[in-house]
Amino acid sequence: MRRILLASACVLFSGLHAAAHAQSTAGAQSLLITPGARADGMGRAYTALAEDPTSVWWNTGAMAFTDVRGATLMHTKLVPGLADDVYYEYLGYSQPLAGVGGLGFNVIYLTYGESEAVDDQEQSKGTFKSYEVAGTGSIGFQVTPKIGFG
């Protein structure tokens, strides 16, 4: 009887699992660009580190182990030579909170540069500039000496 119940449960849960597949992308493309050259140099395997203010973006739980105050600024042109007005900027700050963990914030700015506006008859209506701005505030708490929550 147990085998029948176990087999039935496996069939039931495998059907639910197959129905749960989903695919999505970020609505704000600026949230797909990773900050920090060190993180890219490590193959983006950076979530376990909390050694700089980019940990606000990578892993807020790791901020619980931040032990120094710091700020970081990153500026990069995304398509140099093709469009000089398309660039990404990251500003981050983090600091330890005595006996609690760490606190931080960041601001991300991505500009798409200048584009031509056209109407539905494809008549030019001038130019416009588009950009994205995203801000984040984070706090990480030490649960145990090796476990953080953010």
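FYI, it's all coordinate maths here, none of it is from the lab. As the structure is a computational prediction, the values presented were derived from the model and not from experiment. Note that we place each Cβ from the backbone using ideal geometry, even for glycine, and neighbour counts take in every protein chain shown.
Under 12 Å from the Cβ of Asn106, count the other residues' Cβ atoms, weight Lys and Arg +1, Asp and Glu -1, and hand me the total.
-2
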Q: Please give, to one decimal in nm, the separation of the simple spin-label points placed at Glu132 and Thr34, each 7 Å out from Cα toward the Cβ.
A: 1.7 nm
